[in-house]
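Engineer: Mind looking over this structure? Questions follow.
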Amino acid sequence: ELFVLRPVLAIFFALSFILLSWYVAWRTVLAHVPLVQEVAGLRRNKKPAKPKPPNRGRIGRFYQSQAQAQR
């Protein structure tokens, strides 16, 4: 009886430890990773990307003024 019960309990303990570790990792870290969200199908409403304005900063304005000066 001990020869059967001991390996079964060891396998049960190992599997429960793996499942508990996976659950803790999922609740703390993995559920917040975008790639994992896409694979698991958790992202349903992805916001459409807004187009960026052509002259949104100093560098954009600089290059735009350079392009107008070359015309």
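Engineer: Picking from Ile59, Ile18, which residue would you name as being at pLDDT below 85, outside any loop (DSSP other than H, G, I, E, B) and among the β-branched types (Val, Ile, Thr)?
Structural biologist: Of the residues listed, the single one that is at pLDDT below 85, outside any loop (DSSP other than H, G, I, E, B) and among the β-branched types (Val, Ile, Thr) is Ile59.
Engineer: So how many residues does segment 21-56 have that are surrounded by 10 or more Cβ atoms within 10 Å (Cβ to Cβ), of a type in the set (Lys, Arg) and modelled with pLDDT under 85?
Structural biologist: 1
Engineer: Test Arg27 against the criterion of being assigned to a loop (DSSP other than H, G, I, E, B) and of a type in the set (Lys, Arg), and give yes or no. It would help to see each step written out before you state the result.
Structural biologist: Details: assigned to a loop (DSSP other than H, G, I, E, B): no; of a type in the set (Lys, Arg): yes.
Taking the combined requirement at face value, the residue does not satisfy it.
The values are calculated or read from the model by the stated rules, or taken from the named source; none is laboratory data. Remember, it's a predicted structure, so these values are computed and weren't measured experimentally. All Cβ positions, even for glycine, are placed from backbone atoms using ideal geometry, and neighbour counts span all protein chains on display.
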